[in-house]
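The values are calculated or read from the model by the stated rules, or taken from the named source; none is laboratory data. Keep in mind that this is a model prediction, so the values were computed, not measured. All Cβ positions, glycine included, derive from the backbone under ideal geometry; neighbour counts span all protein chains shown. For the accessible areas, the whole protein counts, side chains as well, though only heavy atoms, and no ligand, DNA or RNA atoms are used. Shrake-Rupley method; radii C 1.70, N 1.55, O 1.52, S 1.80 Å.
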Amino acid sequence: SHRDIFKQLEDSREEAVFLHINSPGGSADASELLYQAIERLAEKKPVIALLGEVAASGGYYAASAAHRIYGAGSTITGSIGVVMMRPNFKGLYKHSRVKKERIAFDRTRDLFSDADDLSRPARDLVDRHLKESYQTFLERVARGRNAQIRQVERVAEGRIWSGIRFAGLGMIDGVMDFVDALDEYRAVAGYREHQEFSVFFYPAVKADVRSVVSPRLPIPGLSAVERLLPLAGLFTERRAAVYAFDPVAASIRN
């Protein structure tokens, strides 16, 4: 499960963790649990989030716990907001001459009914829950971005952004791929320019390596095969981990 992997990474020899996040999001509760797990890991070692093609809503929520966030210029991200969908088949039942009778003991129980509109008490309950979840989302992002909540609100309300626009707004730290992010870490951590790293993928690579690293690997003089060797863990001096991560797949059920 993702909890086991995070625990292994907390206790591992890897000195830095790169989280590859490719997800349109998930439930608010699952996103919060994942945020907490990443936050605990970030207390032990540097965590860098690498956004994939899509890292929106719960995907960006989870990334907010990392020390740094990078993505592609075309990454679809943002969607800082909370939404709830509820089916209402009232018209269908009427057309089909099907009658559903609800027997309940609380005025908010119609929240689970698909045969009628929400009652006022049920709608008020949902509104309170969504507002609380949204406020928590804003607080998590503000904390991770070292920003004021009002600053986050300006880009929130569920709006979608490209990676390059979000970088311009300071909501991600730059537009770069894995190799560039590793170079950035190498410089910030004080290593020499050509310091080599062992790179390990957790779990066993479920995503195509190309989804983590752009086709352009800025390592001159290497063949296409040789360019992939560092990603197979053949660097020998320092250790870093890449965790391919999807908040939808790694949800509460794990």
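Mind giving me the FRET efficiency for Asp117 and Glu184? R0 is 51 Å, r the Cβ-Cβ distance, nearest 0.05 is fine. Please list the in-between numbers first.
Numbers: r = 52 Å, r/R0 = 1.03.
Computed FRET efficiency for Asp117 and Glu184: 0.45.
Counting only protein heavy atoms and using a 1.4 Å probe, what share of the accessible area of segment 30-169 belongs to carbon plus sulfur, as a whole percent? Numbers along the way, then the final one.
Numbers: 4160 of 8300 Å².
Carbon and sulfur: 50 percent of the exposed surface of segment 30-169.
Going highest first, how would you order 40-53, 86-99, 145-158, 16-29 by mean Cβ packing within 10 Å? The partial results should precede the final answer.
On the way: 40-53: 20.1, 86-99: 10.8, 145-158: 14.1, 16-29: 21.9.
Going from most to least packed, we get 16-29, 40-53, 145-158, 86-99.
May I ask for the net charge around Ala28, where only other residues with Cβ less than 11 Å from the Cβ of Ala28 are counted and Lys, Arg are +1 while Asp, Glu are -1?
Working: positive: Arg140; negative: Asp29, Glu32, Glu132.
Charge balance in the 11 Å sphere: -2.
With +1 assigned to the C-beta of every Lys and Arg and -1 to the C-beta of every Asp and Glu, and no other charges, what is the dipole magnitude of segment 40-140 about the Cα centre in debye, to the nearest 20?
Details: 18 positive and 12 negative charges, 47 e Å.
About 220 debye.
For segment 1-137: lysine pairs with Cα atoms under 25 Å, gap of 8 or more or different chains, count?
Numbers: Lys7/Lys44; Lys7/Lys45; Lys90/Lys99; Lys90/Lys100.
Here the count comes out as 4.
For Ile149 and Lys44 in one chain, what is 0.36 nm times their gap in residues minus the Cα-Cα distance, to one decimal in nm? Don't skip to the end; give the middle numbers.
Working: separation 105, 0.36 × 105 = 37.80 nm, distance 2.63 nm.
Result for the pair: 35.2 nm of gain on full extension.
Please give, to one decimal in nm, the separation of the simple spin-label points placed at His67 and Gln8, each 7 Å out from Cα toward the Cβ.
2.3 nm
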